[in-house]
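A.B. asks: I have a structure I would like to understand better, so I am pasting it below and will then ask my questions one at a time.
Bear in mind these aren't lab numbers, they're just calculated from the coordinates by the rules spelled out. Nothing here was measured: the structure is a model prediction, and the numbers come from that model.
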Amino acid sequence: MTLTQPDSRFSIVKIRIEDSPSQDVREISGNLSNEFKDVLVRFAQYAKELGECEYIQSPKQATFNFKWEVGEGHSSNPKLPEMSVCDSFIYRLRPFVLNDESTNFLRVLKQIGKMLHDPSVHKILKELRLYWDGKKIRELFTLSDETGVLNNDSTTMKYLHAFEYHRNQEKAAKFKSLQEMFGTDGLRAFYLLLLADKAKAIFQLSYLIEVILGSRSHSKIRFGGGSSNT
């Protein structure tokens, strides 16, 4: 007989899933490594800090109204909070949007999907990815020019590197026609709308992470027309 010690590098996570509206309840489990646990702890902390920033707390966030009339052309009426409020919000998104961060949203989303093999969890993660990519906004409208679609994750990242986190002139050139049409404030307001959907996805994923970590007893993950309880 061979006796072995449990692998101290991992812990077993067990969570209960209750699907709505079927009320089907089941328990699922997965192996959580100590390294990934540290990542999840930091993700939850960064999400808490993001939720506490003035931009999220304020009812007055960026708004962007665009109108096109035949014979009159286009007009837009962007409204922005104070620059420092917007700057703080965008800065606190860095740990989630930058590719080289261990708490990158898409990286964490993928790892949770590998850890928890359950169709309801995977459905939740898929819906959160739709919010992250801007597909929910594109269900309302799609904005594009000769360079391609402008309201998606890829172009949002180009915007951040061109105007917010860096001043990349090559990436900024992609937005020349949009900036001429909307103005600098309009451009920022437009992408703040997309970033707000990213924040929603971050908060929802953070609720699930808190359940995994045991710091939250349960959570209702909402998306689209349905929800799941964990």
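A.B. asks: What is the extension gain from Asn77 to Arg16, computed as 0.36 nm multiplied by their sequence separation minus the C-alpha to C-alpha distance, in nm to one decimal?
C.D. replies: Stretched out fully, the Asn77 to Arg16 stretch lengthens by 17.3 nm.
A.B. asks: For region 45-229, taking Cα atoms only, what is the radius of gyration to one decimal and the Dmax to the nearest whole Å?
C.D. replies: When restricted to the Cα atoms of region 45-229, Rg and Dmax are 17.4, 60 Å.
A.B. asks: Let me ask another. How much length is gained on full extension from Arg26 to Phe141, taking 0.36 nm per residue of separation minus their Cα-Cα distance?
C.D. replies: Contour length minus Cα-Cα distance gives 37.6 nm.
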